[in-house]
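One structure is given below, encoded as structure tokens.
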Amino acid sequence: MAGSLGDALPTKHKKTVDAVVETFVYLYTESRRLTKERARAYGLTGPQLTVLKVLGQLGDLSLSSLSDRIRAQNSTVTGIIDRMEREDLVRRERSVEDRRMVLIRLTSKGKKLAEEIRVEPMEIFRRALVGTPKRDLDELFRVLGDVQQRVRDIVGAVTPDAPQD
């Protein structure tokens with residue numbers, strides 16, 4: 001690939017964009033590090049902890065919905081769920097509304113862990129944002145939403161043949 005996306009930036013924006021990207025990378029890396037650390041303390045992997053927290057917060061989900069929520073492919077999530085099922089953290093159950101749909105549900109052991117384990121990155125980010133004025137939070141949310149949509153557009157353009165689940 002000739003050149004990078006950064007080459008298309010006006011010089012006056014490059015420094016600022018690079019600083020923002022470095023901040024994103026730091027927040028992402030720190031979040032993963034803390035999640036892995038917390039998960040390991042309970043004998044879990046980071047993705048297993050994420051699944052526990054998502055199901056604990058949202059309730060039963062289909063494999064596709066869970067995959068969308070944690071931004072992973074169905075095949076990857078299937079492996080995570082298989083291991084969690086062996087550990088008696090989750091179970092698969094047919095939906096009563098639609099028998100074709102299989103829902104992932106926390107077991108009592110999984111619910112207990114989901115409630116017990118505090119995921120530090122979320123708490124740290126919340127505490128870091130507490131003193132921020134509402135108008136700034138609204139603007140940050142708007143800007144991050146715009147960036148999120150642009151990333152989706154770029155990823156879609158880069159991988160147009162990606163299978164849709």
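Here are the numbers for this structure:
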item	result
Residue match in the stretch 105-113 (condition: hydrophobic (A, V, I, L, M, F, W, C), surrounded by 15 or more Cβ atoms within 10 Å (Cβ to Cβ) and without any contact (Cβ under 8 Å) to a residue 60 or more places away in the chain)	yes
Cβ-Cβ under 9 Å pairs, at least 6 apart or on other chains, the stretch 115-142 side at pLDDT below 95, far side of a type in the set (Val, Ile, Thr) and in a helix (DSSP H, G or I)	VAL119/THR35; VAL119/THR50; GLU120/THR35; PRO121/THR35
Members of the stretch 60-83 found to be at pLDDT 90 or above and of a type in the set (Lys, Arg), listed by number	ARG69, ARG83
The lone exception for THR50 - which of (1) under 14 Å from GLU120 (Cβ atoms); (2) touching a strand residue (DSSP E or B) at 6+ places or on another chain (Cβ under 8 Å); (3) among the β-branched types (Val, Ile, Thr) it fails	(2)
Residues that are more than 20 Å from the chain's Cα centre (by Cα) and within 19 Å of SER62 (Cα to Cα), drawn from the stretch 94-150	ARG94, SER95, VAL96, GLU97, ASP98, ARG99, ARG100, MET101, VAL102, THR107, SER108
Residue in the stretch 23-39 that is farther than 27 Å from LEU140 by Cα and out of contact with any helix residue (DSSP H, G or I) (no Cβ under 7 Å at 6 or more places or on another chain) present	yes
Selection count, the stretch 79-115, where residues are of a type outside the set (A, V, I, L, M) and closer than 25 Å to VAL151 by Cβ	0
Boolean, THR107 is hydroxyl-bearing (Ser, Thr, Tyr), touching a Lys or Arg at 6+ places or on another chain (Cβ under 7 Å) and either outside the structural domain of VAL151 (by TED's automatic domain parsing) or more than 26 Å from ARG152 (Cβ to Cβ) (or both)	yes
Residue in the stretch 82-89 that is over 15 Å from the mean Cα position of the chain (by Cα), surrounded by 12 or more Cβ atoms within 10 Å (Cβ to Cβ) and not in a helix (DSSP H, G or I) present	yes
Filter result (farther than 21 Å from GLU93 by Cα and assigned to a loop (DSSP other than H, G, I, E, B)) within the stretch 20-71	TYR42, GLY43, LEU44, THR45, ARG71
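The values are calculated or read from the model by the stated rules, or taken from the named source; none is laboratory data. Since the model is a prediction, treat every value here as computed from it, not as a measurement. Don't worry about glycine lacking a Cβ; one is built from the backbone with ideal geometry, like all the others, and counts go over all protein chains shown.
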